[in-house]
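Read the figures in this text as sums done on the coordinates, not as results from a lab. Keep in mind that this is a model prediction, so the values were computed, not measured. Cβ sites come from the backbone with ideal geometry, for glycine too, and all protein chains shown count toward neighbours.
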């Protein structure tokens, strides 16, 4: 694989070198022409540095040999730069992937060790433990996937476990995994107790997890403070200064637009990527999809060469049936959508965008005021409806996502209690079936209904392992998935699974405790983000209703009857001499856009910081977008009431509010 990747990198670098060489020739020719060095006249507005470069190029290209050398040098420089850039980027990307995977392995290693510890307490042999872990790598993450490499080597080449684990310790990008596998090899070679080793490793990883949680929370606190300072207070300060300068002295509208439409979104995106890279964890581990048992564990059957026509015929039929099953699996998502549309939306909330986005855009166009003939005026005409469409689109997604998340959280909240009760009854001498029957009749809040359903499943003759697997499929909660995976595998070895259940309960309780601490600490910074956004909206609203109208009135009064140079601009000389040359309505529209962009960015980043995912930030984005829209709506109505001496209802009717555009943007 390394040689194949290296060959691809060299091939791509060669292509980039050739393409860069060709583009270098065209770039030099274009520079020569646009700067006036060639036959084409210099264009107006060309920067002086470009003109200087063109003049230097014309001096060098005064002879055919000089022209050829200039083009060759340009081609070689551009080609070498492009090839080297592609080469470095490709290898740097591979290095970053290794770092990211090492982080994922470190994050999932504690729960993987807990799984191995529990299996060792159940009496399972080490090779069987490794195979069980490899079969459930989708549940236990990258650490289990890394150890499954050793299992594949053991099964395919017959390598002993010590040699396979040594190779994993050599090849893994994670230092923790390398240390763990080396210690495991030493324990296997010395004949020590695996259960004692895994218990010691489990306790050590739990202590490290608590220490890393404190560092993690301190890092998140720093990120939250940086965000509030740099991405909320900073743009607000700069925009305020530029607006004052633009209204009073000289037009700064283009620069403010760059900050609002490009600066805030780009810097927010970079901030989100950096935070995600620096604080990546596995709190949102998805529930894995189980392999379809219809295909079997050993793959498609292979005939013995056709010793009989019947065997060959059966093989053909088997292949045809497997083809039909594969085709069914490809369309299974569509079938589940038609059978259970609402349940599918809960499982995949992003599917709501397929309907809400086109509907929202259509309603935005229909509900907007009549669109002007000038296309450049469309954004100002559609801003209010589009904001409402975004609120509705994200709102629908948030409803399905939050309902499913809260249901999963309610299940996970009682998982430790459920496992402890099950362990107590099993340790008292009950079989796992009897213990489960009793626990299912107790009150476990969000899990009671599903446990009662599973109890009836067992009473009607289902195997306990199958019934628990169905329970896991219905709950779709990561902690429940890990617990049931551990219990069902332990039951295959022994009926005494009390110690295994205790370990699973302790692991679930520790995971929930770490998440609870994170939410409590980040709640303070979440409130700070909300308050800072409200300050942002309040200041831009004050600029729109107080500062701009006063300055505009002063500028108009100063320009009345003026006969000097200031008369051409509609304002006399002095402090407000630049008012007549700027568009006050454009500034007000820009304020509304800045508030909505800041609301969307702040909401998503609040979810990233507080709960580790942008998906959790959609609810904050919906709230902040609604606050910004309603805030500008109220500001416009109050301005109308004060300046036009109308009631709020009269301002509501006269401003065209039913067309869902804030009246502050249409008050003139």
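One table, with the values for the structure above:
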| read-out | value |
| --- | --- |
| Neighbour-count order for 252, 81, fewest beta carbons within 10 angstrom listed first | 81, 252 |
| Inter-probe distance in nm under a simple model that places probes 7 Å from Cα toward Cβ, at residue 348 and residue 427 | 4.4 nm |
| Length added when fully stretched, residue 445-residue 98, from 0.36 nm per residue minus Cα-Cα | 120.7 nm |
| Relative contact order, percent, the range 431-481 [alpha-carbon distance under 8 Å, six or more residues apart] | 28 percent |
| Fraction of the pair-distance distribution of the range 75-189 above 20 Å, Cα-Cα pairs, percent | 47 percent |
| Separation in nanometres of the label points that stand 7 Å from Cα toward Cβ, at residue 193 and residue 366 | 7.2 nm |
| Efficiency of FRET between residue 155 and residue 23 - r from beta-carbon atoms, R0 41 angstrom, step 0.05 | 0.20 |
| Length released on extending from residue 585 to residue 253, taking residue separation times 0.36 nm less the Cα-Cα span | 118.4 nm |
| Cβ-based exposure ranking for 241, 539, in which fewest neighbours within 10 Å come first | 241, 539 |
| Calculated P(r) of the range 410-512 - Cα pairs past 18 Å, % | 39 percent |
| At R0 = 60 Å, FRET efficiency that the Cβ-Cβ distance of residue 6 and residue 460 yields, to 0.05 | 0.55 |
| Net length gained if the chain between residue 225 and residue 524 were fully extended (0.36 nm per residue, minus Cα distance) | 106.5 nm |
| For 256, 458, order by how many other beta-carbon atoms lie within 10 Å, fewest first | 458, 256 |
